[in-house]
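Some notes on the structure that comes next.
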Ligand SMILES: [Zn+2]
(Lines give C-alpha, C1' and ligand atoms only; values in the text may rest on other atoms or scores of the structure.)
Protein backbone atom coordinates (compact mmCIF):
# COMPACT_ATOMS: atom_id res chain seq x y z
CA UNK A 1 0.00 0.00 0.00
CA UNK A 2 1.17 3.56 -0.69
CA UNK A 3 2.10 5.99 2.09
CA UNK A 4 -0.99 8.06 1.21
CA UNK A 5 -3.15 4.93 1.50
CA UNK A 6 -1.69 4.13 4.93
CA UNK A 7 -2.25 7.70 6.19
CA UNK A 8 -5.87 7.75 5.00
CA UNK A 9 -6.61 4.26 6.32
CA UNK A 10 -5.07 5.08 9.73
CA UNK A 11 -7.25 8.17 10.22
CA UNK A 12 -10.32 6.17 9.14
CA UNK A 13 -9.36 3.43 11.63
CA UNK A 14 -8.92 6.00 14.41
CA UNK A 15 -12.41 7.41 13.73
CA UNK A 16 -13.79 3.84 13.86
CA UNK A 17 -11.87 3.08 17.09
CA UNK A 18 -13.17 6.36 18.59
CA UNK A 19 -16.78 5.56 17.66
CA UNK A 20 -16.45 2.02 19.05
CA UNK A 21 -14.77 3.45 22.20
CA UNK A 22 -12.17 0.67 22.15
CA UNK A 23 -10.34 2.31 25.08
CA UNK A 24 -11.36 5.26 27.30
CA UNK A 25 -8.26 7.13 26.04
CA UNK A 26 -9.38 6.78 22.41
CA UNK A 27 -13.02 7.55 23.26
CA UNK A 28 -12.23 10.76 25.15
CA UNK A 29 -8.83 11.56 23.65
CA UNK A 30 -7.70 14.89 22.25
CA UNK A 31 -7.60 14.80 18.44
CA UNK A 32 -4.53 17.07 18.54
CA UNK A 33 -2.70 14.22 20.32
CA UNK A 34 -4.32 11.30 18.55
CA UNK A 35 -3.92 12.45 14.94
CA UNK A 36 -0.11 12.88 15.05
CA UNK A 37 0.15 9.53 16.90
CA UNK A 38 -1.92 7.57 14.40
CA UNK A 39 -0.28 9.21 11.35
CA UNK A 40 3.26 8.59 12.64
CA UNK A 41 2.60 4.94 13.56
CA UNK A 42 0.82 4.26 10.26
CA UNK A 43 4.16 4.81 8.46
CA UNK A 44 6.36 3.19 11.12
CA UNK A 45 6.31 -0.48 9.96
CA UNK A 46 7.75 0.54 6.57
CA UNK A 47 10.92 1.80 8.27
CA UNK A 48 12.21 -1.61 7.11
CA UNK A 49 12.37 -0.21 3.54
CA UNK A 50 15.11 2.41 2.83
CA UNK A 51 13.02 4.10 0.12
CA UNK A 52 9.83 4.40 2.18
CA UNK A 53 8.82 7.81 3.61
CA UNK A 54 10.30 7.16 7.08
CA UNK A 55 13.05 4.92 5.66
CA UNK A 56 14.43 7.84 3.60
CA UNK A 57 14.46 10.09 6.70
CA UNK A 58 16.08 7.50 8.98
CA UNK A 59 18.34 5.52 6.67
CA UNK A 60 20.64 4.62 9.57
CA UNK A 61 17.72 2.62 11.01
CA UNK A 62 16.07 1.42 7.81
CA UNK A 63 19.17 -0.02 6.11
CA UNK A 64 20.18 -2.35 9.03
CA UNK A 65 16.54 -3.51 9.53
CA UNK A 66 16.16 -4.15 5.78
CA UNK A 67 19.39 -6.19 5.75
CA UNK A 68 18.49 -8.15 8.90
CA UNK A 69 14.80 -8.88 8.32
CA UNK A 70 13.97 -7.71 4.78
CA UNK A 71 10.94 -5.64 3.77
CA UNK A 72 7.68 -6.80 5.36
CA UNK A 73 9.51 -8.94 7.89
CA UNK A 74 9.70 -8.35 11.66
CA UNK A 75 8.17 -4.84 11.60
CA UNK A 76 5.03 -6.25 9.95
CA UNK A 77 4.35 -8.81 12.68
CA UNK A 78 2.37 -9.07 15.91
CA UNK A 79 5.70 -9.61 17.69
CA UNK A 80 6.87 -6.11 16.65
CA UNK A 81 3.63 -4.62 17.94
CA UNK A 82 3.97 -6.40 21.30
CA UNK A 83 7.70 -5.55 21.63
CA UNK A 84 6.91 -1.91 20.78
CA UNK A 85 4.20 -1.68 23.46
CA UNK A 86 6.46 -3.32 26.10
CA UNK A 87 9.42 -1.04 25.21
CA UNK A 88 7.18 2.01 25.41
CA UNK A 89 5.93 0.97 28.87
CA UNK A 90 9.31 0.02 30.31
CA UNK A 91 11.81 2.36 28.63
CA UNK A 92 9.94 5.66 28.58
CA UNK A 93 10.23 7.43 31.97
CA UNK A 94 6.82 8.11 33.54
CA UNK A 95 7.61 11.83 33.91
CA UNK A 96 8.03 12.28 30.14
CA UNK A 97 5.15 14.38 28.81
CA UNK A 98 3.82 11.75 26.36
CA UNK A 99 -0.01 11.70 26.53
CA UNK A 100 -1.64 8.26 26.79
CA UNK A 101 -4.15 9.11 24.05
CA UNK A 102 -1.15 9.69 21.74
CA UNK A 103 0.25 6.22 22.62
CA UNK A 104 -3.14 4.50 22.17
CA UNK A 105 -3.55 6.23 18.78
CA UNK A 106 -0.09 4.98 17.80
CA UNK A 107 -1.18 1.40 18.52
CA UNK A 108 -4.29 1.93 16.33
CA UNK A 109 -2.06 3.38 13.58
CA UNK A 110 0.36 0.45 13.71
CA UNK A 111 -2.45 -2.12 13.58
CA UNK A 112 -4.08 -0.20 10.71
CA UNK A 113 -0.82 -0.51 8.75
CA UNK A 114 -0.70 -4.28 9.29
CA UNK A 115 -4.35 -4.69 8.23
CA UNK A 116 -3.85 -2.45 5.17
CA UNK A 117 -0.81 -4.44 4.01
CA UNK A 118 -2.81 -7.64 4.47
CA UNK A 119 -5.19 -6.33 1.82
CA UNK A 120 -2.41 -6.51 -0.81
CA UNK A 121 -1.47 -9.75 -2.63
CA UNK A 122 2.01 -9.85 -0.96
CA UNK A 123 0.42 -10.09 2.51
CA UNK A 124 2.42 -9.92 5.75
CA UNK A 125 4.17 -12.44 8.03
CA UNK A 126 1.86 -11.74 10.98
CA UNK A 127 3.41 -14.58 13.02
CA UNK A 128 7.05 -13.74 12.16
CA UNK A 129 9.57 -15.48 12.52
CA UNK A 130 7.18 -17.99 10.91
CA UNK A 131 7.23 -17.25 7.18
CA UNK A 132 3.51 -17.85 6.57
CA UNK A 133 2.02 -14.76 4.96
CA UNK A 134 -1.50 -13.64 5.71
CA UNK A 135 -3.49 -11.78 3.09
CA UNK A 136 -6.97 -10.88 1.92
CA UNK A 137 -5.89 -9.59 -1.50
CA UNK A 138 -8.58 -7.06 -2.39
CA UNK A 139 -6.10 -4.34 -3.42
CA UNK A 140 -4.71 -5.45 -6.76
CA UNK A 141 -4.45 -4.27 -10.34
CA UNK A 142 -4.10 -0.79 -11.82
CA UNK A 143 -6.92 0.77 -9.84
CA UNK A 144 -5.23 0.06 -6.50
CA UNK A 145 -4.86 3.69 -5.47
CA UNK A 146 -8.55 4.39 -6.05
CA UNK A 147 -9.43 1.22 -4.13
CA UNK A 148 -7.25 2.34 -1.19
CA UNK A 149 -9.15 5.64 -1.00
CA UNK A 150 -12.48 3.85 -1.36
CA UNK A 151 -11.68 1.51 1.57
CA UNK A 152 -10.66 4.46 3.79
CA UNK A 153 -13.93 6.27 2.99
CA UNK A 154 -15.87 3.03 3.56
CA UNK A 155 -14.33 2.61 7.04
CA UNK A 156 -15.31 6.21 7.93
CA UNK A 157 -18.88 5.61 6.71
CA UNK A 158 -19.07 2.39 8.77
CA UNK A 159 -17.63 4.29 11.76
CA UNK A 160 -20.31 6.96 11.51
CA UNK A 161 -23.26 4.63 10.87
CA UNK A 162 -22.59 1.30 12.61
CA UNK A 163 -21.99 2.31 16.25
CA UNK A 164 -25.07 4.57 16.28
CA UNK A 165 -27.12 1.67 14.97
CA UNK A 166 -25.65 -0.72 17.53
CA UNK A 167 -26.09 1.64 20.48
CA UNK A 168 -29.67 2.58 19.49
CA UNK A 169 -30.67 -1.07 19.05
CA UNK A 170 -29.04 -1.98 22.37
CA UNK A 171 -30.90 0.85 24.11
CA UNK A 172 -34.11 -0.33 22.45
CA UNK A 173 -33.40 -3.93 23.55
CA UNK A 174 -32.71 -2.98 27.18
CA UNK A 175 -35.78 -0.74 27.26
CA UNK A 176 -37.90 -3.77 26.33
CA UNK A 177 -36.49 -6.06 29.03
CA UNK A 178 -39.20 -6.95 31.59
CA UNK A 179 -37.16 -5.73 34.55
CA UNK A 180 -37.44 -2.48 36.32
CA UNK A 181 -35.41 -1.05 39.18
CA UNK A 182 -37.98 -2.19 41.78
CA UNK A 183 -37.87 -5.81 40.56
CA UNK A 184 -34.07 -5.84 40.56
CA UNK A 185 -34.04 -4.48 44.16
CA UNK A 186 -36.54 -7.22 45.19
CA UNK A 187 -34.35 -9.90 43.60
CA UNK A 188 -31.24 -8.54 45.33
CA UNK A 189 -33.09 -8.57 48.71
CA UNK A 190 -34.11 -12.19 48.15
CA UNK A 191 -30.49 -13.28 47.83
CA UNK A 192 -29.14 -11.24 50.77
ZN1 LIG B 1 4.11 -2.03 5.09
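Just to be sure, is residue 84 within 16 Å of the ligand (Cβ to nearest atom) and under 23 Å from residue 120 (Cα atoms)? Outline the logic, then answer.
Numbers: within 16 Å of the ligand (Cβ to nearest atom): yes; under 23 Å from residue 120 (Cα atoms): no.
In short, no.
Only one of these is closer than 23 Å to residue 27 by Cβ and surrounded by 12 or more Cβ atoms within 10 Å (Cβ to Cβ): 138, 108. Name it. Explain how you work it out, then say what you get.
Details: 138 fails: closer than 23 Å to residue 27 by Cβ.
Of the residues listed, the single one that is closer than 23 Å to residue 27 by Cβ and surrounded by 12 or more Cβ atoms within 10 Å (Cβ to Cβ) is 108.
Looking at region 115-126, which of the residues that are touching a strand residue (DSSP E or B) at 6+ places or on another chain (Cβ under 6 Å) and under 18 Å from residue 154 (Cα atoms) is nearest to the ligand (Cβ to nearest atom)?
117
Residues in region 2-20: is at least one more than 13 Å from the chain's Cα centre (by Cα), surrounded by fewer than 20 Cβ atoms within 10 Å (Cβ to Cβ) and at pLDDT below 90?
yes
Quick check, is residue 17 farther than 26 Å from residue 139 by Cα and away from the ligand (no atom under 16 Å from the Cβ)?
Numbers: farther than 26 Å from residue 139 by Cα: no; away from the ligand (no atom under 16 Å from the Cβ): yes.
Criteria not met by residue 17.
Conditions first: (1) more than 28 Å from residue 159 (Cα to Cα); (2) part of a helix (DSSP H, G or I); (3) within 16 Å of the ligand (Cβ to nearest atom); (4) out of contact with any helix residue (DSSP H, G or I) (no Cβ under 6 Å at 6 or more places or on another chain). Residue 90 passes all but one, so which condition is the exception?
For residue 90, the exception is condition (3).
Looking only at region 93-126, which residues are closer than 27 Å to residue 21 by Cα, in contact with a helix residue (DSSP H, G or I) (Cβ under 8 Å, 6 or more places away or on another chain) and part of a loop (DSSP other than H, G, I, E, B)?
Selection gives 99, 119, 126.
Exactly one of (1) surrounded by fewer than 18 Cβ atoms within 10 Å (Cβ to Cβ); (2) within 16 Å of the ligand (Cβ to nearest atom); (3) over 21 Å from residue 11 (Cα atoms) is unmet by residue 78. Its number?
Going through (1) surrounded by fewer than 18 Cβ atoms within 10 Å (Cβ to Cβ); (2) within 16 Å of the ligand (Cβ to nearest atom); (3) over 21 Å from residue 11 (Cα atoms) one by one, residue 78 breaks only (3).
Suppose we filter region 21-53 for residues that are surrounded by 20 or more Cβ atoms within 10 Å (Cβ to Cβ) and more than 14 Å from the ligand (Cβ to nearest atom); how many remain?
5
The values are calculated or read from the model by the stated rules, or taken from the named source; none is laboratory data. Note that the structure is a prediction, hence the values are computed from the model and not measured. Cβ sites come from the backbone with ideal geometry, for glycine too, and all protein chains shown count toward neighbours.
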